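Following: one structure in structure tokens, then a few remarks.
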Amino acid sequence: MPSFRAPRGTRDLLPAERAAFARLERIARDLAVRYGYREIETPLFEQAAVFERGIGAVTDVVEKELFRVTPSRGEERERWALRPEATAGICRAYVEHGMQTWPQPVRVSLAGPMFRYDRPQAGRYRQFWQWDVEAIGDPGPAVDAELVELGARFYRDAGLGDVEVRLNSIGDPACRPAYVEELGAYFGRHAGALPELERERLTTNPLRLLDSKEPAMAALVAAAPTMADRLCGPCAEHLAAVRAHLEALGIAYRLEPTLVRGLDYYTRTTFEYYRRGAEGQQQALGGGGRYDGLVELLGGKPTPGIGFALGFDRVVLALEALGAAGAADGGPIAVVVGANPTATAARLALATRLRDEGLAVRADLSARKLGRQLEGAVREGAHFAVILGDELADGAVQLRDLDAASQKLVAVDDLVALLRRKTRDA
Ligand code: HAM
């Protein structure tokens, strides 16, 4: 007998957990509408080059974590990859569909699964879900603050009141190269003390040493030169203006000079969301930033852009830890039951009629004893049981209020109004 399991690093979202995700999706959709971001969908896989170019060939996300897709036939073999994030695909779509001729910025949002071949652990999966929001075609700084505020609001609405914003600027092509060189020289002087991966990165991507998770790096990183002190005039002005806008919005944030992010496309503003208090190796709940060179890198005209992605998985984990993930579970308002084991057609017919009226109703289609059927209805969290018996011939049923444990005879024609009232109260 084969025994199959979900692939390592993936998991099934069983109905209770799926409901928690669905609740986050609803909050995200509602916020997107209120902030004027329209939904977009891009394919779950793209030409691998979209990610190699867009995200950067020497990032972990591309170098180590890309799920390359190899079809079993065809000319496109090995050219595809599952999307590890949404921004590169969205910018590819922006260029492909000539969105630079639309009113700018193009504000779009996408909620869906992403794939990274990461080492699985709590809060780190190979398939995970993001809410991604992008404003393409606006150089900021006001939109930077709007997005930071939008992300912070999502966590509040979701029920995480303790989320902190961390903010940085990583400069632009005018000022960053000199800084990266200086940083490389700084870490180069300590090359002997660097762990192996960090030593490799010293040549490929010294900036990433700043967010090294190696405890041995902490002191070196703390004493490293910071970008904030080396921003060119326009980048410094931009950061100051983003900060002023955040202050005007009353958004608290912490300046974090080592916040460099794991994707290469960022310029200027970068930000991440963390739960306050839990220090150290903590994972970000979400993050984003400005990517003023990305559209051009993917073949479009020079176009500024900024966005963020918030991971649903980590929010659900945090809510579960607080005992607050319990979303409205979408159970039935009523279950139609009956003592006569052969009268399932009547139960189904009445449930169907109530569903016609928009009510969430289940029919018990089993031949179990009535008592068992009622227990089942209670377990499902239904507020009512509609009990079919001989009175049905006269157009009446017993309506049992499962919350109040009371029961009365009601006309079938009155059922809809009675159940509706309860739905509104619930
Ligand atoms: P990111 O920081 O790579 O940014 O991912 C954003 C969020 O996705 C993370 O903070 C985390 O919550 C979630 N996430 C990432 N990897 C995993 C994983 N393996 N398992 C569970 N959750 C994960 C981006 O993806 C950028 N595209 C954000 C962006 C949009 N920047 C500009 N626009």
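Quick notes
- Here the range 1-111 has 53 percent of its accessible surface on carbon and sulfur atoms, given a 1.4 Å probe and all protein chains in place.
- The chain: most fluctuating residue of Arg26, Arg83, Arg126 per GNM, C-alpha cutoff 10 Å: Arg26
- Rounded accessible area per residue of the chain, 1.4 Å, Å²: 48 Å²
- Only Lys, Arg, Asp and Glu carry charge here, each on its Cβ (+1 for the first two, -1 for the last two); on that basis the range 334-425 has a dipole of about 300 debye about its Cα centre.
- Portion, in percent, of the accessible area of the range 301-378 that falls on carbon or sulfur, probe 1.4 Å: 58 percent
- Look at the dipole of the range 334-425 built from charges on Cβ: of Ala393, Ser406, Ala360, the Cα furthest out on the positive end belongs to Ala360.
- Computed helical MRE - 222 nm, the chain, DSSP H runs ≥ 4 contributing -39500 (n - 2.57), nearest 500: -11000 deg cm²/dmol
- DSSP-assigned coil residues among trypsin sites (Lys or Arg not before Pro) in the range 341-420, each with at most 16 further Cβ atoms within 10 Å: Arg368, Lys369
The values are calculated or read from the model by the stated rules, or taken from the named source; none is laboratory data. Computed from a predicted model, the values in this text were never measured in an experiment. Here the Cβ is made from the backbone with ideal geometry for all residues, glycine too, and neighbour counts use every protein chain on show. For the accessible areas, the whole protein counts, side chains as well, though only heavy atoms, and no ligand, DNA or RNA atoms are used. Shrake-Rupley method; radii C 1.70, N 1.55, O 1.52, S 1.80 Å.
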